[in-house]
Structure formats: C-alpha cells, structure tokens
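The block underneath contains the structure these notes are about, expressed in structure tokens.
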Amino acid sequence: MSELTITLPDGSTKSVPRATTVGEIAASISPRLAQAAYAGMVNDRVVDLTFPLQEDSKVRILTNKDPEALTVYRHSTAHLLAAAVTQLFPKVQCGIGPPTDEGFFYDFVVEKPFVPEDLEAIEKRMKDIAAGDYVYERQLWPRDEAIRFFRDRGEPLKVQLIEEKTEGQKDVSVYTIKDRDLFVDFCVGPHVPASGRLKAFKLLNTSNAYWKGDARNQPMQRIYGTAFFSDKELQAYLTQIEEAKKRDHRKVGRELGLFLFHPWAAGSTFWLGKGTTLYNLLANYMRGILFPSGYVEVKTPLVFNKALWETSGHWSHYRANMFLIEHHDEDGKANAEAEQLALKAMNCPGHMLLFASEVRSYRDLPLRFHEQTPLHRNEVSGTLSGLTRVRQLSQDDAHCFVAQDQIAEEVVRLLGLVQRVYADFGLQFEAKLATRPPEFLGEAATWDSAEAQLKAALEKAAQPYTLNEGDGAFYGPKIDFDVTDAIGRKWQCATIQLDYQMPARFGLKYIGADNAEHLPVVIHRAIFGSFERFIAILIEHYAGAFPLWLAPIQAIVLPIADRHVTYAQSVRQQLADAGFRAQVDERQEKIGYKIREAQLQKVPYMLVVGDKEAAEGTVALRSRVGGDLGSRALDAFIASARGEVETKGSQARQEVL
Ligand SMILES: [Zn+2]
Ligand SMILES: [Zn+2]
C-alpha cells in the first residue's frame, strides 16, 4: 500500500503517497502555510520540513504561533553562530549548541577568550550567512566516515560525541549549511529549512564553560545569544533585559542598603536595617491577613532528630538537600553513636507532630498552622544567586488540615487570599492546576474527588486557570501560581498543594461526626513562597521604588542649613509619633545634593525645611515621582500620607504602571 493517511490538527484526514514530506503537506494545505512553516510535528515528534512520512501519522505544521518552532529556530541560529565562528576563527573546536528558554548558546574551544569586538564580527558574519538563504540539509553519513571526517578536521569533541551517542548505528545524522565547506555539524536536528528564515537574532555575552559542564574537563568559551521570529519581538526582549539589569535585586539591594552576603555564610542573607524593616513589614502584613482568616501562628524547632525525617520520607528522598549535624567528642572525633540531627528544610513534618499532639475532632477542622521560622536547604554553592537561590530562607508557610469534603471550601478561601495579596502588590498572576501524574500514591477515586473539588473551587473563586494534566506531585494534585512583574517577567510564587501521604505517614486522625476515625488531608500552601525570593521579585518589580506602605524610609526631612536641624528633628518626631518611618539628613551638604541622594535612595517623600517652614510650622514637600509639591502644613501631609498607606493596593498599581 503506497498511500498513507495523515490526520491534521482539525481532525481532517488526507491521503498522500508514501514519502511525502511535511513541507509538501504544508504546501498542499496552502502556499501561505508552506511559507510560514518552520518545521513539523509528526506524532508528537518535531521534525524537519523535509521529513518524509513513512506511515499513517498525525501531522501539525509549526509556524511562529508554536513554541516548538521557536525552539527549532533558536537551535538553528546556534548552528548559524557556529558557522560564523568556524569561518572567522578556523582553529576553534565546536562543542554543543542547544536552544534555551531565553535563546541559545554554543560552546567553543578557543585559543583566547572572545572579546566584544569578536561578537560584533561574528554577528555580522551570521547576518551574511542568513542573507545567503542557504539550505540546512540533513545528510546521513556512514559512522566511520563521520568519525574520520571530524577527526581529520581537528574536532576531537565531535568525535567523542559521535562515539558516545551513536554506538551501534550504521549511519549518523549531520547537517550542513549550504555544503560541508561552509558548515557541517553532527546533529539529529531538526532545523529550519534555510538560513534565510533566521531574521532576528543578537549575540549577548560570553562566559567560561567546560566540556560537558564539568570543571575537570576542557575549558571552553560559551557565546550566548537570543533569537526571535521578528525584529519587533527581539527589540522588546532586549529592552526587557536592559530594564532587568537596571532592576537586578542584587544591584538595587546594594544601592539601597537592604542586605548583603558574605562568603563565610554563603547563601544566607545579612538583612541590614532597611532590609530588615522591609522583611518585617511583609511578615506582619501576612500575619495581619492570616490571623483574621483563622490561622494560628506557631514556632517549631529548627533542629530535629532524624526519626522525624524518616517518618516524613525526607530522609530517603531529600537528605542530600539537608544540613545534617555531626556530633564530635572532646577529642574532635565524630561520634557515630550520638543522636542524629538535621536542620529543618520544611515545616510540614513539625506541623504533623503538632496536629498529632491532641485528640482532634471534626469540629477542630479546618485547623491551620502558620509558621515563618527559618528553613535551611543545602543548595550547591554554584547555584546560589542573590535572594532567589539561598540556603537559609523563611516562608509564609501554612498547613491547613481539612476533612476530604472541606477541600473545595478551603481552597476557595485560599484563592481569595492569593487574589487579595497579589492585588496589594500590583502583581498580575495566573493559576495552573496540575492533576494526577502517571505514578501516584493512594486511590484513584480519592484523587478524582480532590481534583473535582479543586476545579470547583477555581470556578467558584472566578479564578481562570490552565490545566497541566498529569503534572501533580505523586502525593496529591496542586495549584501553582505565576506572577508577572512590571516588566513582563513571570515568577512562580504561590502554591496550594494537597497531600494525603504525609498525614498517613504520621498516622494522623480525627474523630468524625460518625464517631469513627478519619484521615485528614493536609493542604501545604504559601502565597509569597519564601520571603527572600518574594523580596527579590518586589525589588525588581518596583525597581527599588517601594510604594509608601512598604518603603523602609517613608519620608526624609532635609534641613536647608544647620539652624533648621532642630525644627527638622521636631518634624521627624511628629512623623514618628504618627507611625511613619522618617529620618533627618543632618549632613552639612547643599540641599540640592541631599535631594538627589534621597531621590537615589528612592525615598517616597522629601520634606525640605528652612526659615519660612520653621516659622510657619510647614514643610516644602517633594515626592519621588512628582518633584516639588509646594508648601504643606505638616498635619495635612500626615493625613494624605496615611490615606496613601491605607490604599496600598491601588497605590502599588499606580506606581508601577
Ligand atoms: Zn542542530
Ligand atoms: Zn508543607
């Protein structure tokens, strides 16, 4: 039988001769589709447009609407980069060049590191090759021939890759651009059909790398770049990364004096005065929301016997991420007999013990424990990064113990909290429901009931969501939340996670209305996630210009001359008495200089005081955003600032938009 049946995404079918290519199918649908096509999807596998169909298949044509096409596009641009580099630097050796979420990179062995001028020249050469509109051709070479070819060309890393990845194969897949003289790479593809399809790309920077990412291997130079379907998207991305650099919380945190790190406590934050103020504001804001919502704040130990972690399962699954405590005898030798202890990496097991500490009845449920004490996770030092990846952290963590039929109602309440909190910070967000994975613990019927209740809760809370089928944890389904910051980046923050396993492992039970014992469900939930990471997000979201309610210093009083310091102090005192965080800049500097400094410190309000203000009991008000606002009676300023603090939600939104 030489005819094949292909099924298109709309469910329609077509009969085509065997060996018809994906590109030909696109053309048979419409010439415009053929022009727009970058690659194809055949039975869930991404392939070249030249891929010949050999069996009945589902076929989808990938265009600039498909994320899979962007991956192909970026990987193809990495080939273009390698082609340009090998032309300009004939002695280089090529490593690998994969696409990434943000673009692509390619690793090279070079005699000397690339400099910025090299990148310019390489990018120009890439543009020339793209303009040539050369075909990306897939060829199958006999394995021996491919190995010999790359060996003769002085590419031992490629030889190594072929030997490792194609053992037992007769042929290996290589791709040329135009022909093997211009560029050839060992690669399984797929790629765009021709270099002319690559319209918008930019090389960004270089870094040190090692072959296979292992520091014991050959040092290499990595070139990072990015690529988009259109110049408009590329420019928007470049603007975003420029903006992100300016907002980088590590830079802003240093400039504003919020926190610092020291190599003797890698990954653990030193919160400076202003950073501690910010931290405490957030901690108390969360308490202020959770206490009226029926949460009980608790503090559980930081160090536990390993028996706890064995019961929770962390000892077998998570021990590598935990700090274990070694006991030493007086002679300094490790004492293997001593009690084995570990620093807690999460609060859940401790909360299980709290639940189990009393006989619980259905009338006690939902029971909600909130805890903000520090957690320690032994992250590899190379992955530590500012506040976003740390070893010591605290969460706005809570565990809600509920009966199976209370899940929906509890989750509706949680969704309400999430919506309220993100609105207060002017953060947009989206929800994702992750359901039962192929490997799961417990009964399918329990899962079905839990998932149905989560869906009902999302609908009741009018919360739009996407469904991630099969993406739940093995112990229960969950809802994750991504927030979008002021410059359009997404961050995963809140999570609402159902868990049937941990209550079972700890033998938890409550007495139901039927007088029988029942297993409670625990909902792990956090809205900020960790304070550390959330503060990093807020710093970048606001670019350090915190809204009035969050600003560590809300107002600074600026005396014009020494003789105004006494009045300035009395203004500061009145502000402090009214509950504001205010300072006086008493330095003998020009007033213009003090204003600039306060502006750089992103203090929301500057209160300038001189002879006139001291005589009248007023202040000359300046705002960080609006500049000079003219003379105000101090009481009038206090009243309006109070209003601004109270309406934090709308204020937060106004400032970032
Ligand atoms: Zn490739
Ligand atoms: Zn938990």
Inset, instruction - Considering every residue within segment 146-154, establish whether at least one is within 21 Å of A69 (Cβ to Cβ), away from ligand 1 (no atom under 16 Å from the Cβ) and either of a type in the set (A, V, I, L, M, F, W, C) or crowded, with 19+ Cβ neighbours inside 10 Å (or both). - result: no
Inset, instruction - Give the residues of segment 353-365 that are open to solvent by 20 Å² or more (accessible area, probe 1.4 Å) and either within 15 Å of ligand 2 (Cβ to nearest atom) or free of Cβ contacts under 8 Å to residues at least 40 places away in the same chain (or both), sorted by residue number. - result: L353, L354, S357, E358, R363
Legend entry - Check on H317, more than 16 Å from ligand 1 (Cβ to nearest atom), farther than 21 Å from V390 by Cα and open to solvent by 50 Å² or more (accessible area, probe 1.4 Å): no
Inset, instruction - Check off (1) out of contact with any Gly (no Cβ under 7 Å at 6 or more places or on another chain); (2) in a strand (DSSP E or B); (3) open to solvent by 20 Å² or more (accessible area, probe 1.4 Å) for L375 and give me the number that stays unchecked. - result: (3)
Legend entry - When residues of segment 471-495 are limited to those that are within 14 Å of ligand 2 (Cβ to nearest atom) and closer than 17 Å to D448 by Cα, the one surrounded by the fewest Cβ atoms within 10 Å (Cβ to Cβ): A473
Inset, instruction - Starting from segment 231-242, keep only residues that are on the phi > 0 side of the Ramachandran plot, then list their pairs with residues that are charged (D, E, K, R) whose Cβ atoms are within a distance under 8 Å, requiring at least 6 positions of separation or different chains. - result: none
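Assess whether G442 counts as being more than 18 Å from the chain's Cα centre (by Cα), part of a loop (DSSP other than H, G, I, E, B) and surrounded by fewer than 18 Cβ atoms within 10 Å (Cβ to Cβ).
On the way: more than 18 Å from the chain's Cα centre (by Cα): yes; part of a loop (DSSP other than H, G, I, E, B): yes; surrounded by fewer than 18 Cβ atoms within 10 Å (Cβ to Cβ): yes.
Answer is yes for this residue.
Sort out for me the strands (runs of 3 or more DSSP E) sitting completely within segment 40-125 that have 2 or more residues that are away from ligand 1 (no atom under 14 Å from the Cβ) and in contact with a helix residue (DSSP H, G or I) (Cβ under 9 Å, 6 or more places away or on another chain). Please lay out each step first, then the result.
Working: elements: 45-47, 57-62, 104-109.
Correct list: 57-62, 104-109.
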Legend entry - Residue in segment 504-531 that is nearest to ligand 1 (Cβ to nearest atom), counting only those that are assigned to a strand (DSSP E or B) and under 16 Å from the mean Cα position of the chain (by Cα): G529
Inset, instruction - Filter segment 331-352 down to residues that are open to solvent by 30 Å² or more (accessible area, probe 1.4 Å), within 13 Å of ligand 2 (Cβ to nearest atom) and either touching a residue at least 60 places away in the same chain (Cβ under 8 Å) or under 11 Å from L308 (Cα atoms) (or both), then give me how many there are. - result: 0
Inset, instruction - State which residue pairs qualify: first residue farther than 14 Å from L70 by Cα and inside segment 180-208, second residue open to solvent by less than 50 Å² (accessible area, probe 1.4 Å) and within 16 Å of ligand 2 (Cβ to nearest atom) in any location, beta carbons under 8 Å apart, and separation of 6 or more residues or different chains. - result: none
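Just for segment 164-177: of the residues that are charged (D, E, K, R) and more than 39 Å from the chain's Cα centre (by Cα), which one is least open to solvent (accessible area, probe 1.4 Å)?
Filtering segment 164-177 for residues charged (D, E, K, R) gives 164-165, 167, 170-171.
Filter once more, keeping what is more than 39 Å from the chain's Cα centre (by Cα): 170-171.
Values: K170: 158, D171: 55 Å².
Across segment 164-177, the extreme among qualifying residues is D171.
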Legend entry - Counted residues, segment 376-391 - those being touching a residue at least 40 places away in the same chain (Cβ under 8 Å) and either in contact with a strand residue (DSSP E or B) (Cβ under 8 Å, 6 or more places away or on another chain) or among the acidic types (D, E) (or both): 6
Inset, instruction - Please work out which residue is nearest to ligand 1 (Cβ to nearest atom), limiting yourself to segment 321-330 and to residues that are surrounded by 12 or more Cβ atoms within 10 Å (Cβ to Cβ) and not in a loop (DSSP other than H, G, I, E, B). - result: N321
Inset, instruction - Within segment 109-124, identify whether any single residue is open to solvent by 50 Å² or more (accessible area, probe 1.4 Å) and closer than 17 Å to P190 by Cβ, and answer yes or no. - result: no
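Quick one: is P52 open to solvent by 10 Å² or more (accessible area, probe 1.4 Å) and under 30 Å from E24 (Cβ atoms)?
On the way: open to solvent by 10 Å² or more (accessible area, probe 1.4 Å): yes; under 30 Å from E24 (Cβ atoms): yes.
It is true that P52 is open to solvent by 10 Å² or more (accessible area, probe 1.4 Å) and under 30 Å from E24 (Cβ atoms).
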Legend entry - Given (1) open to solvent by 20 Å² or more (accessible area, probe 1.4 Å); (2) assigned to a loop (DSSP other than H, G, I, E, B); (3) not aromatic (F, W, Y), number of the condition A551 does not satisfy: (1)
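Within segment 569-625, track down each residue that is of a type in the set (K, R), more than 36 Å from the chain's Cα centre (by Cα) and not in a helix (DSSP H, G or I). Step through it out loud before you land on a result.
First, pick out the residues of segment 569-625 that are of a type in the set (K, R): 572, 581, 587, 590, 594, 596, 602, 612, 622, 624.
Filter once more, keeping what is more than 36 Å from the chain's Cα centre (by Cα): 572, 587, 590, 594, 612, 622.
Selection gives R587, K590, R622.
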Legend entry - Unique residue being touching a residue at least 60 places away in the same chain (Cβ under 8 Å), under 24 Å from D248 (Cβ atoms) and surrounded by 22 or more Cβ atoms within 10 Å (Cβ to Cβ) when the list is F369, F425, F429, F401: F425
Inset, instruction - Evaluate the following for I162: is it more than 16 Å from ligand 2 (Cβ to nearest atom), in contact with a His (Cβ under 8 Å, 6 or more places away or on another chain) and among the aliphatic types (A, V, I, L, M)? - result: no
Inset, instruction - Among residues belonging to segment 1-39 that are in a strand (DSSP E or B) and open to solvent by 20 Å² or more (accessible area, probe 1.4 Å), point out the one that is nearest to T71 (Cα to Cα). - result: T21
Inset, instruction - Could you figure out which of (1) open to solvent by 40 Å² or more (accessible area, probe 1.4 Å); (2) touching a strand residue (DSSP E or B) at 6+ places or on another chain (Cβ under 9 Å); (3) under 25 Å from H541 (Cα atoms) isn't true of S394? - result: (1)
Inset, instruction - Scan segment 554-583 residue by residue and report those that are open to solvent by less than 10 Å² (accessible area, probe 1.4 Å) and either of a type in the set (S, T, Y) or touching a Pro at 6+ places or on another chain (Cβ under 8 Å) (or both). - result: Q554, A555, A568
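Have a look at G579, G592 and point out the one that is on the phi > 0 side of the Ramachandran plot and modelled with pLDDT of 95 or more. Working first, answer last.
On the way: G592 fails: on the phi > 0 side of the Ramachandran plot.
Going through G579, G592 in turn, just one is on the phi > 0 side of the Ramachandran plot and modelled with pLDDT of 95 or more: G579.
The values are calculated or read from the model by the stated rules, or taken from the named source; none is laboratory data. Small disclaimer: the values here were computed from a predicted structure and weren't measured. Cβ atoms come from the backbone with ideal geometry, glycine included; neighbour counts cover every protein chain shown. Side chains are part of the model used for accessible areas, which takes the heavy atoms of the whole protein and leaves out ligands, DNA and RNA. Shrake-Rupley method; radii C 1.70, N 1.55, O 1.52, S 1.80 Å.
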